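Data block below; observations after.
Each reported figure results from applying straightforward, stated rules to the coordinates on display, with no laboratory input. Since the structure is predicted, the reported quantities are computational estimates derived from the model, not experimental observations. Cβ sites come from the backbone with ideal geometry, for glycine too, and all protein chains shown count toward neighbours.
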Amino acid sequence: MTVRRAEAHQVSILVDYVQAFCRTRADERERRYQDFISLGMDQSASALKKQEHREARTDESAALLYAARAMRTSEYRASALFSASSHARTALPNVWQAFLSGKITSTALSRISRTSRDRLCDKSSRADLDALAPEYAEHHRPRELERWLTRFTAVAEPENAADRCQRELDQRTVSVRPADDFENMSWFSALLPTPTAVAIKRRLDAVARSPQQPVPYDPITAALSASATRKAHIRECIAAYRGLTTPRDIWTGEPLRGGTPKTPEEPTIVSLPPSPESLTAESLPTTYHDGDTRTLAQRAADQLSAWILNGRSESAITIDAHIGLLVAEETLTGESNHPAISRDRSHTLPAEAALNLIKDPAVVTTWHELRVTPHHQDNFQRKDPPPLGPSAQEYDTLSHQYLGRFPPERLRQAIWFRDGTCQVPGCTVPAENCDIDHVQPHPEGPTRGDNLQALCRRHHRIKTAGFDVLITQPGSGIHRATAETLIPRTAESQHRITNTASGSRHR
């Protein structure tokens, strides 16, 4: 806290210095302008006015240069701090005071200020953000705050969010650039709509994890992989032969010509490497069942290369991959333009785009209907109140008890929607990539929604080892069994949740 207050004090001095420097320079330009007018030099006065904006920007840049030197930081860092702090001090007084008191970091201040400045147009939306953001930022990590801000702007001003979405869609592109730390590798990047990118990643992961799904090798790495496999076998064989006294052929194991045993040898069984002719790029195993040794990441990368290069899958094995969206019932009926929210609460989708996705005949849609009850009434009398975070509301839908330890697929999906992410505070691993954990271990604990939670593999192992991973954060409570979506406009409302998958057969 002391370090934060010291940083806030330094940033406050930065803002005061830059603004004072710019005011002094502006006063000098005004005096020059008045002098030109008094001397009848109207043309010079007009030229000075035209250059006023450019000179003001130059003055600010000069002030930031001097400030950066004094702070021993970069001009970029000083400029970012000044831009965020000057906006917060003017438009977000509560956020600014929270920063000065050390409750929030400079990173949180910058993200909140940037959201207010670049994404919100309505003063009432900024007022709501100023009232809600400090408490949320104080008790949550930067990535959680970033997701919360994304949901806030989408709900507070859905029309503007839809316009931004359209502008962003126009920027979609594909690029290739060399990887800085590699000599023979490059980054292949695609700027795509988030639901599309998530669906692609889900399909790649599903293929890579399947023990029966063949994944062809990348054409460039296949030959090198075969060569590396042969060399590895040769090294193993040499290591095994070092204990023998008779020179033998590395491939057949037969004694070499002229080789005479110095001492009697016991029969030795040695696994010989395959011959160079038998181990080629085409003979490499492509499934885990057949002995594929590639990692999940390598298989996913090779499958992506195959899809892009030949445009098809190597087999007809079903690929089960899906994305999840939370859509308010009012959006489905056309009564509201509330955006859809991803299952892990990381991004939003404009209402129109969500409805078009649901109506697409090529998309297989599975519906889950959940009831939402808010924990408390919000203090803002708005038609579309913004989301308040993890403690805003809770789904109470999973009351049926199932036999056995493992929850059925439908219950598993419902938990994905309910929890969104790993339930350890601050962890943002999507629930669909998590284990479903019994809060009270089975069989003492039932296989029921209120005794199940999503935990990523790392935190699941920590909990299994006996540590308490459900840490209570001040002001926010325990994150388990809560949801971060829209606040319903009534005390009890219904949300429909759509679980969509691209493709009618191969999902």
>> Over 5 Å intervals from 0, what percent of Cα-Cα pairs in region 2-139 sits in each interval?
In response: 2, 10, 17, 17, 15, 13, 10, 7, 5, 3, 1, 0, 0
>> Residue by residue through region 170-175, what is 3J(HN,Hα) from phi via Karplus (6.51 cos²θ - 1.76 cosθ + 1.60, θ = phi - 60°)? Round to whole Hz and write x for glycine and proline.
In response: 5, 9, 4, 6, 10, 9
> Which whole-Hz couplings ³J(HN,Hα) result when phi for each residue of region 151-159 is put into the Karplus expression 6.51 cos²θ - 1.76 cosθ + 1.60, θ = phi - 60°, listed in order with x for Gly and Pro?
Replying inline: 5, 4, 5, 5, 7, 5, 9, x, 5
> Out of residues 5 or more away from VAL364 or on other chains, whose amide H comes under 5 Å of its own, with H placed 1.01 Å from N in the peptide plane?
Replying inline: ALA501, GLY503
> From the phi of every residue in region 70-77, what ³J(HN,Hα) in whole Hz does the Karplus formula 6.51 cos²θ - 1.76 cosθ + 1.60 yield, where θ is phi - 60° and glycine or proline is x?
Replying inline: 5, 7, 6, 9, 7, 5, 4, 5
>> Using a 7 Å offset from the Cα along the Cα-to-Cβ direction at both LYS201 and MET41, what is the distance between the two label points in nm, to one decimal?
In response: 6.1 nm
> Non-local amide H neighbours of ASP292 (under 5 Å, H modeled in plane, Pro and chain starts lacking H): which ones?
Replying inline: THR287
> Any idea how far the Cα center of region 138-214 sits from the one of region 45-71, in Å?
Replying inline: 37 Å
> Whose amide H sits under 5 Å from the amide H of CYS434, counting only residues 5 or more places off or on another chain, with H placed in the peptide plane?
Replying inline: none
> Can you pull out the GluC sites (Glu not before Pro) in region 122-207 that DSSP calls coil and that have at most 15 other Cβ atoms within 10 Å?
Replying inline: GLU183
